[in-house]
Amino acid sequence: MRPENKDLNFIQTLNKKLTRKDPVLDLAYDRMGDAGIVFLCRNKDLSHVQKLDLSWNEITDEGLGVLAGSGSLAGLKHLILNANQIGDEGAKSLAVSKNLPNLESIELAHNQVSDFGALSLVKSQSLLNLGFVDLEMNKVGQQKLTRFPDGAVVSKLRILNLRRNLLADENIADWAQTGAFEKLVHLNLGWNQLTNQGARILAHSPTLNRLETLVLDSNHIGDPGALDIAGSKHLNNLVQLYMQDNNIGRAGETALLAMRSRNLVEKKRVDDKLNLNEQRLGNKDLVSLAQYEKLDGIVSLTLRNNHFDYHGVQELANSPYLKNLKSLNLMSNAVGDKGLVLLAESPNLSQLESLNLENTGVTALGILALSQSPHLNKLKELNLNSNDLGEKGFRILADSGNFKNLTKLRTSGVSVGDTEFQAIVQSDTLSQLEELEAMGNVITRESLDSLADSAILPQLKKLDLRRNKLKDVDLIFLADSPKFHNLEALRF
């Protein structure tokens, strides 16, 4: 394509995008260069743009200086400049710009920014709403820092990504000394050149006391550095620590796991409740957690959507600090029947009243273990959603005296048919049941007739039968029959 045709095509495409007044303007890969930035800023109204992507455009410091000086970008919140040719002067022009008061995030991955440019952004006195800076794959740490930007961090900066740079121990010492980390909750230093000394500097820096996530993958840190981090008096808020591909042995790993457990409990515990949902906890984490004495007195523990299996469950079952536990949520972990057997055998969990086993791979064998447990006989709430229980599992549920205190039972998405449903509603054992959930199954009118004549219906308060095989006439029956009028909540 001839150059003039290429330019014309770019202008036509740009005009179409700007005519729509879309808050997102994506100009990535257009290779407009500095001249394109000049044309854009001097000839176009960008006041509606909130997100601007200029990645892969051969932009240099000169072009970025023009962009930073534009008076029509006051509404811009997200600026993406990945894979250009921007260095320290370009970063500084952004940092001192008075034209970007609402800017919240800057992405400058794969450029040529070194320490001074990076620190200029971090310590900007103008970009007061800046919360996220991405400087992955730049030149931070390539040379000794000789210029230090003045002032403290006054922006809202919370997340800083310095992954895949050239940061060594002396660079980290300089960064810590400047106070650049003092407001961060997330710091990524993965794939740099840090050793035990760098880890020690981080551990002893009071400016990291707000940090919740620290990434140190693929550095050169061994047990001494790991032990320094684990023993830090400043990293008390750290709950996510990534140190894969270092030189850490068992001593360092054990200390780091203990630190994480300690911080999680201190940060996530509210009175006698501990919520550790979605914390990426594996079996090793649960080993450390179960041994932490400050679990003592916890009444409610929720561990939904982590990464442990029955080995982790075994650690919980053996913990001497969970004897007061009344509510346990294991949803979306690979507990399986083995895990349920381990729970059933534990005298430490004898006070358990609520157990959430949704999507844990439990079958009739696991239900059998619960039904025969000499310890788990106080259950009042049981969630079995999204498991494969089969008819046998429901027969066990209906007949075992261990379930006689159940007031809430959830069995959604477990392929419940009429046989299984009727086993529940006709059970002589489940006489205390007040709430029954059976969504997303294959229940038909036959089950409704059985329920209408059951002894369980008079005390039932809530019934959820959505997404079953019920016809319109069946729904009319549910709505009109006086036998169901005592229900406080009926969903179908």
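Laboratory data are not the source of any read-out in this text; all were calculated from the coordinates shown. All of these numbers come straight from a predicted model, not from anything done at the bench. Counting neighbours? That spans all protein chains shown, and the Cβs are built from the backbone with ideal geometry, glycine included.
Evaluate the charge dipole of region 349-476 about its Cα centre and quote only its size in Debye, nearest 20, assuming +1 on the Cβ of each Lys and Arg and -1 on the Cβ of each Asp and Glu.
The dipole magnitude comes to about 240 debye.
Where the only charges are on Cβ atoms (+1 Lys, Arg; -1 Asp, Glu), what is the dipole of the chain about its Cα centre, to the nearest 20 debye?
For the chain, the charge dipole is close to 780 debye.
Taking a label point 7 Å from the Cα of Q125 along the Cα→Cβ vector, which residues of region 78-118 have an amide N closer than 20 Å to it?
89-103, 116-118
Per DSSP helix of 4 or more residues, -39500 (n - 2.57); summed, then divided by the residues of the chain. What does that give at 222 nm, rounded to the nearest 500?
For the chain, the value works out to -10000 deg cm²/dmol.
Let me know the shape class of region 127-167, please: from the alpha-carbon gyration tensor, a ≥ b ≥ c as square roots of the eigenvalues, rounded when a/c is under 1.5, otherwise prolate if a/b is greater than b/c, or oblate.
oblate
Out of Q422, L436, L368, whose Cα points farthest toward the positive end of the dipole of the chain (charges: +1 Lys, Arg; -1 Asp, Glu; placed on Cβ)?
L436
Structure shown: which of K338/K483; K17/K139; K183/K323; K284/K326; K51/K144 lie over 32 Å apart, alpha-carbon to alpha-carbon?
Violating the 32 Å Cα-Cα cut-off are K338/K483; K17/K139; K183/K323; K51/K144.
Classify the chain from the C-alpha gyration tensor, please: rounded if a/c falls under 1.5, else prolate or oblate depending on whether a/b exceeds b/c.
oblate
With bins 5 Å wide starting at 0, give me the P(r) of region 59-196 over every alpha carbon pair, in whole percents.
Each 5 Å bin holds this share of Cα pairs: 2, 11, 22, 26, 21, 11, 4, 1, 0, 0.
What does the charge count near L286 come to, summing +1 for each Lys or Arg and -1 for each Asp or Glu among other residues with Cβ under 13 Å from its Cβ?
Result for the local shell: 0.
Just going by the charge dipole of region 76-130, with Lys and Arg at +1 and Asp and Glu at -1 on Cβ, which of S124, N99, I86 is farthest out on the positive end?
The listed residue farthest towards the positive side: N99.
So for the chain: antiparallel DSSP bridges make up what percent, rounded to the nearest 5?
The antiparallel fraction comes to roughly 5 percent.
For region 342-361 and region 95-164, what is the separation of their C-alpha centers, rounded to whole Å?
For region 342-361 versus region 95-164, the Cα centre distance is 49 Å.
Mind checking the full-extension length gain between K462 and V96? Use 0.36 nm per residue of separation minus the Cα-Cα distance, one decimal, nm.
Using 0.36 nm per residue and subtracting the Cα-Cα distance, I get 125.7 nm.
What is the distance in Å between the Cα centres of region 396-440 and region 166-224?
Each part's Cα centre sits 54 Å from the other's.
Which distance in nm do the two modelled labels at E170 and Q50 give, with both placed 7 Å along the Cα-to-Cβ direction?
4.6
Between K156 and D453, what FRET efficiency follows from the Cβ-Cβ distance if R0 is 56 Å, with the result rounded to 0.05?
Result of the calculation: an efficiency of 0.35.
Projected onto the charge dipole of the chain (+1 at Lys/Arg Cβ, -1 at Asp/Glu Cβ, origin at the Cα centre), which of N405, G190, P320 gives the Cα projection farthest towards the positive end?
Checked the options; the winner is G190.
If you place +1 on the Cβ of every Lys and Arg and -1 on the Cβ of every Asp and Glu, how big does the dipole about the Cα centre of region 129-184 come out, in debye to the nearest 20?
Approximately 180 debye in magnitude.
I want the local charge near V153. Using Cβ-Cβ distances under 14 Å, sum +1 for each Lys or Arg and -1 for each Asp or Glu among the other residues.
Cβ neighbours under 14 Å give a net charge of +3.
Could I have the simple spin-label model distance between H186 and E488, label points 7 Å from Cα toward Cβ, reported in nm to one decimal?
Once both label points are built, they end up 4.0 nm from each other.
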